Amino acid sequence: MANRYQHVADDLRRLITTGALAVGERLPAEQELASRTLRKALEVLQSEGLVEKRHGSGNFIRRPGQRITYASDRHEAGRSPIPNVAVSVSLETALVKADARLSLLLAVRAGSPLAEYAFISHQGAAPRSLARVYVPHAVARLGVPDVNESPWGDSVRQLLSGVGVRVMATAERVTARFPTAWEAHTLHISTRAPVLAVERTSIDAGDRVVEAALLVLPGDRTDALFTKRSVTQELEAAG
């Protein structure tokens, strides 16, 4: 037998999908909803992407967003780094020290200085993705990259190329998990809404890690596309 909060979620879902509750319309505040049952119902709808919680403002009907595609072949000749939806990208830079995770990811000592580039993409006012790119100072001391329409921090690689650091191979590990509290706050999603987390490392000809990136993409709005070139294409590229 379904729990009461599931019935409440069904009722709210029906109001949203039929248009009885309009896009952008404010739901009653959680204090007004009054019961733990209704809060659980809101959490269900947040995890399904129908409702977004805006910290300090309340719960709102989420505008259905276009899906965004993260493609592994965007660096190949003739491929566009621009995603399949119109987005704006903001950038913040900082000097940080490698913690345990970053020291392992970048193969540097803990406490080593790193340049951090944090890219946040938006579709309209809604955050769509978060990418944090790290470059060790031992590799290069880079300036501020151009902010283009790619939300994945690809412009950092262009800076590396400009100072003679050539990326020879990139490995990407993709996992599905729940976001941290900070990631959920940044992306305006529930901590119970799954995300795709991409851990990307790039190496040069000497197998030195020259760049690492941590990407977080809302699972309900993201497709990951991984393309492998054929043996013939590999031989042609090598020739």
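Odds and ends about this structure:
- Residue exposure sequence - Ser202, Ser88, Ser129 - by fewest surrounding Cβ within 10 Å: Ser88, Ser202, Ser129
- Residues His7, His122, ranked from the fewest to the most other C-beta atoms within 10 Å, line up as His7, His122.
- Between the residues Leu215, Ile120, His185, the greatest Cα displacement towards the positive end of the dipole of segment 68-229, with unit charges on the Cβ of Lys, Arg, Asp and Glu, is found for Leu215.
- With both labels modelled 7 Å from their Cα along Cα-to-Cβ, the His7 to Arg166 distance reads 6.8 nm.
- Normalising the average separation of contacting C-alpha pairs (under 8 angstrom, six or more residues apart) by the number of residues puts the relative contact order of segment 131-171 at 37 percent.
- Ordered by the number of other Cβ atoms lying within 10 Å of each residue's own Cβ, fewest first, Lys53, Lys40 fall into the sequence Lys40, Lys53.
- Total formal charge among the other residues, if their Cβ is under 11 angstrom from that of Leu106, Lys/Arg +1 and Asp/Glu -1: +1
Read the figures in this text as sums done on the coordinates, not as results from a lab. Being a predicted model, the structure only gives us computed values, none of them experimental. Heads up, the Cβs are rebuilt from the backbone with ideal geometry, glycines too, and the neighbour counts pull from every protein chain shown.
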